[in-house]
Amino acid sequence: MTESTPSFSGPLAGKTIALGVSGSIAAYKAADLTSELRKAGADVHVVMTESATKFISVLTLGTLSRNPVLTSFWDEEGWQPGHIELADKIDLFLVAPATAQQVGNYANGLAPDLLGAIYLATKAPVMLAPAMNGKMYEHEAVQKNLETLKGRGVEIIEPVVGELACGYEGIGKLALVSEITETVLSYIA
C-alpha cells in the first residue's frame, strides 16, 4: 500500500482554517466539523482548550485534521511562537463550540489560553458558534459580549433550540455542523 499526500480540492482549497474547540459538551461535534471542512478542501488546524480535551481527544481531531493539535502555549516548538505563526497564516478563525468563557474572553481582550491569543493576534475574519446552557446564553452579560463582538465584525453562528445536555429544552445548542460548514463556505469560499 502506498501513502499519498493529502490533497486539498473543493470550494475551500487553498484556505487555512484555525478551528478552536472549547470546553462544551458539544466539543464532540468538532470531529464532524473538521471532517466536513477537510472534505470541502480546507487545511484545518485545531486548537483546543484544556477543558475541551476532557470532551474529545487530541488524537481524534489530529487524525481528522491531519495536522498537529495545539492545546497549550507549552506545546509550541521553534523560534516563532506557534500561535502567532498560525494567526498569521489563517484565512478564518472559527471557534465551535464557543463557550460563555470564550465569548467573554474575546469581548474583553483576554488571552488566558491559545484561543484567546490567536483571536487577538489574527487579522483573519473571526466566526463563533456559541454552545451553552440556555440560561447562560440569555444572560445579559453574555448577550452584551456577543453584541460587542458583532460590533467588531465577528460573525456569530447562532445556537439553536433543542434538548440541552443539562436536560432543559431551549436555546443554546450548537448550530448543526452542516449550517456551520455552509456559513464558512459562504463567507470565505
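Please find, within region 92-132, the residue that is nearest to Arg38 (Cα to Cα) out of those that are of a type outside the set (Lys, Arg), out of contact with any strand residue (DSSP E or B) (no Cβ under 8 Å at 6 or more places or on another chain) and part of a loop (DSSP other than H, G, I, E, B).
Across region 92-132, the extreme among qualifying residues is Asp113.
When you go through (1) in contact (Cβ under 8 Å) with a residue 60 or more places away in the chain; (2) more than 13 Å from the chain's Cα centre (by Cα) one by one for Val21, which number turns out not to apply?
(2)
Can we say Thr53 is modelled with pLDDT under 95, more than 19 Å from Leu176 (Cα to Cα) and β-branched (Val, Ile, Thr)?
When the stated conditions are applied, Thr53 does not pass them.
If only one of Ala175, Ala141 is loosely packed, with under 14 Cβ neighbours inside 10 Å and among the hydrophobic types (A, V, I, L, M, F, W, C), which one is it? Working first, answer last.
Numbers: Ala175 fails: loosely packed, with under 14 Cβ neighbours inside 10 Å.
Answer to the check: Ala141.
Residues checked against (1) part of a loop (DSSP other than H, G, I, E, B); (2) crowded, with 16+ Cβ neighbours inside 10 Å; (3) modelled with pLDDT of 95 or more; (4) on the phi > 0 side of the Ramachandran plot:
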| site | (1), (2), (3), (4) |
| --- | --- |
| Leu19 | no, yes, yes, no |
| Gly23 | yes, yes, yes, no |
| Asp32 | no, no, yes, no |
| Glu36 | no, yes, yes, no |
| Val46 | no, yes, yes, no |
| Leu61 | no, yes, yes, no |
| Leu64 | no, yes, yes, no |
| Gly78 | yes, no, no, yes |
| Ile84 | no, no, no, no |
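This table checks each residue for (1) small (Gly, Ala, Ser); (2) closer than 14 Å to Ser24 by Cβ.
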residue: Ser72; (1), (2): yes, no
residue: Thr99; (1), (2): no, yes
residue: Gly109; (1), (2): yes, no
residue: Leu120; (1), (2): no, no
residue: Leu128; (1), (2): no, yes
residue: Asn133; (1), (2): no, yes
residue: Gln143; (1), (2): no, no
residue: Glu147; (1), (2): no, no
residue: Gly153; (1), (2): yes, no
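Quick test for you: out of Glu85, Glu140, pick the one residue that is more than 30 Å from Gly10 (Cβ to Cβ), among the acidic types (Asp, Glu) and out of contact with any helix residue (DSSP H, G or I) (no Cβ under 9 Å at 6 or more places or on another chain).
Numbers: Glu85 fails: more than 30 Å from Gly10 (Cβ to Cβ).
Criteria check complete, one pass: Glu140.
Taking Ile188 as the residue in question, decide whether it is surrounded by 15 or more Cβ atoms within 10 Å (Cβ to Cβ), more than 15 Å from Ala30 (Cβ to Cβ), touching an Asp or Glu at 6+ places or on another chain (Cβ under 7 Å) and aliphatic (A, V, I, L, M).
Numbers: surrounded by 15 or more Cβ atoms within 10 Å (Cβ to Cβ): yes; more than 15 Å from Ala30 (Cβ to Cβ): yes; touching an Asp or Glu at 6+ places or on another chain (Cβ under 7 Å): yes; aliphatic (A, V, I, L, M): yes.
Spelling it out, Ile188 is indeed surrounded by 15 or more Cβ atoms within 10 Å (Cβ to Cβ), more than 15 Å from Ala30 (Cβ to Cβ), touching an Asp or Glu at 6+ places or on another chain (Cβ under 7 Å) and aliphatic (A, V, I, L, M).
The values are calculated or read from the model by the stated rules, or taken from the named source; none is laboratory data. Since the structure is predicted, the reported quantities are computational estimates derived from the model, not experimental observations. With ideal geometry, Cβ positions are generated from the backbone for all residues, glycine too; neighbour counts draw on all protein chains shown.
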